[in-house]
Structures are given as C-alpha cells and as structure tokens.
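Everything on this sheet refers to the single structure shown next.
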Amino acid sequence: MEQTVVLLSSGLDSTVNFYEALQKTKVELCITLDYGQKAAAQEISHASKICQKHHVEHKILETKWFDLFTKTSLVSPQKEIPVNVLLDSQKSTSQSAQSVWVPNRNGIMINIAAGFAEGLGANAVVVGFNKEEAMTFPDNSKEYLEALNVAFNYSTLKKIKVKCYTTHMNKIEIAKRAKELNIDFDLMWPCYFGGSEICQKCESCLRFLRAIKSL
C-alpha cells in the first residue's frame with residue numbers, strides 16, 4: 001500500500017484529502033505548520049483532534065520566520081484580513097487574494113513535507129487543492145501540482161509524488177464528498193481568524209459556508 005504524509009490545516013480541502021488518504025493509503029504522518037498565521041492555534045487544535053480520532057501521528061512545525069519576508073494580512077497585526085468578499089466578483093476575490101497571499105507558502109510547506117516523506121520511506125505528499133480557489137491562487141492548481149512532481153523527480157531520490165483528490169473539484173463538490181465520507185464539519189477550521197468561533201465573514205469562511213449550505 002502507498003504510504004503518505006498529509007499536510008493538514010483542518011480546512012475543508014485538507015480534511016477531505018486526509019480522509020481520502022486514510023481510505024486509499026497508509027498515512028504515516030500529518031503535518032500542520034505554524035507560520036505565525038492568525039488562525040494558527042485553532043488550525044493546530046482542530047488538526048490535532050482529527051489526527052487523534054484516527055490515531056495518526058501529528059507534527060506541528062513552527063516556521064514563524066515567514067514574517068521576515070511577508071507582511072500578509074494573515075500574519076501581520078498591522079493589516080486587516082478582508083471580510084465580506086464578493087465570491088462571484090473577480091475584482092473582489094483578486095483583491096482578497098493579494099491581501100492574504102504568502103510568498104511561496106505552499107511551495108515551502110510541500111517541500112518540507114516531501115523531505116519528511118522521503119525520510120520516513122513514504123511515497124507521496126497529500127495536499128488540499130481545489131479548482132475554485134485556483135482561479136485566484138495559482139498554487140492551488142493542477143498545473144502547479146504537476147510542476148511539483150517534475151521538480152521532486154530531481155530533489156528526492158525516491159521521486160516523491162504530490163497527490164490531491166480534490167484538484168478538479170469546487171468547494172460545493174468537496175463538501176458533498178465530505179458528507180459522503182461522514183466527516184464531521186465541526187472538526188474543521190476554515191477561518192482566517194483565530195477567535196473562539198469562525199468569523200463567517202472572511203473569504204475562506206464564506207466559501208466554506210456556501211458549500212455546506214448547498215448540501
């Protein structure tokens with residue numbers, strides 16, 4: 001059976017991909033990164049509960065040096081995360097994406113996970129991409145996943161693969177798959193903020209809520 005390392009933020013996409021990986025592979029490890037994001041504590045807490053429920057090892061890696069090269073609103077206390085984004089407006093979603101963009105975040109995370117995968121003898125890294133957000137976040141796209149697989153042919157001796165079960169799906173389709181997999185939506189943390197409850201106003205919350213309301 002294929003062995004995998006899963007990048008788990010506890011959002012809708014990464015949680016569904018974790019559950020898919022549980023069914024189709026042997027998950028050796030889940031990794032959650034704390035890069036100083038405002039939602040870090042909640043993401044870590046929810047990811048830990050997901051891993052504990054399924055008896056999978058969970059590592060929390062601190063990469064708080066991200067603030068040395070980014071002033072993204074996800075990290076900087078001086079910048080406000082956009083709220084009430086118009087999901088069907090390209091202008092509104094593009095402005096939101098620019099505000100929350102972290103330079104090479106997914107690239108750094110996936111490369112770290114690939115190092116763990118090779119070191120643990122696993123075959124692949126599982127990530128949570130979707131075609132809906134790929135419209136404004138190119139590091140969520142099928143093309144980016146394919147490019148990573150080319151790069152890992154050179155940077156890993158085992159030729160680690162990057163896998164994603166939702167690259168071709170939008171959020172509504174992913175939520176439907178979550179329901180089919182009997183995933184408890186309360187286990188997830190989709191919010192850019194780190195309050196006691198999800199804010200229901202940031203772009204990530206709005207996409208999540210629109211998806212689950214369609215069920």
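A few points about this structure:
- Pairwise FRET efficiency - H55 versus S155, Cβ, R0 = 45 Å, nearest 0.05: 0.90
- Two-site FRET efficiency, L120 against I172, from Cβ-Cβ distance with R₀ of 30 Å, rounded to 0.05: 0.30
- In Å², nearest 10: area of S76 left accessible to a 1.4 Å probe: 10 Å²
- Here the accessible area is traced with a 1.4 Å probe on the protein chains. For the chain, carbon and sulfur cover 52 percent of it.
- Computed Rg/Rh of the stretch 4-48, alpha carbon atoms with Kirkwood Rh: 0.99
- Residues with amide H under 5 Å from that of K26, placed H, sequence gap 5 or more: E2, Q3, T4
- Solvent-accessible surface (1.4 Å probe) assigned to R207 amounts to roughly 10 Å².
- Computed over neighbours whose Cβ is under 12 Å from that of P77, the net charge equals +1, Lys and Arg +1, Asp and Glu -1.
- Read-out Cα extents along the principal axes in Å, derived from the coordinates shown; its label in (i) 56, 46, 30; (ii) 44, 40, 30; (iii) 55, 40, 30: (ii)
- Counting every alpha-carbon pair across the stretch 56-175, the share separated by more than 24 Å comes to 37%.
- Projected onto planes of every orientation and averaged, the convex hull of the alpha-carbon atoms in the stretch 18-88 covers 6.9 nm².
- Entry comment: accessible area of the chain is 48 Å² per residue, from protein heavy atoms only and a probe of 1.4 Å.
- Helix 90-100 and the longest principal axis of the Cα set of the chain meet at an angle near 70°.
- Exposed GluC sites (Glu not before Pro) absent - longest run of the chain, DSSP non-H/G/I/E/B, at most 16 other C-beta within 10 Å: 81-196
- Pairs from the list K64/K91; K79/K201; K131/K161; K49/K142 with a Cα-Cα gap above 27 Å: K64/K91; K49/K142.
- A DSSP coil position with no more than 11 other Cβ atoms inside 10 Å describes the following chymotrypsin sites (Phe, Trp or Tyr not before Pro) in the stretch 60-97: F69.
- Degrees, to the nearest 10: 203-213 long Cα axis against longest axis of the chain: 80 degrees
The values are calculated or read from the model by the stated rules, or taken from the named source; none is laboratory data. Just so it is clear, the model here is predicted, and its values are computed rather than measured. With ideal geometry, Cβ positions are generated from the backbone for all residues, glycine too; neighbour counts draw on all protein chains shown. Heavy atoms of the whole protein, side chains included, go into the accessibility calculation; ligands, DNA and RNA do not. Shrake-Rupley method; radii C 1.70, N 1.55, O 1.52, S 1.80 Å.
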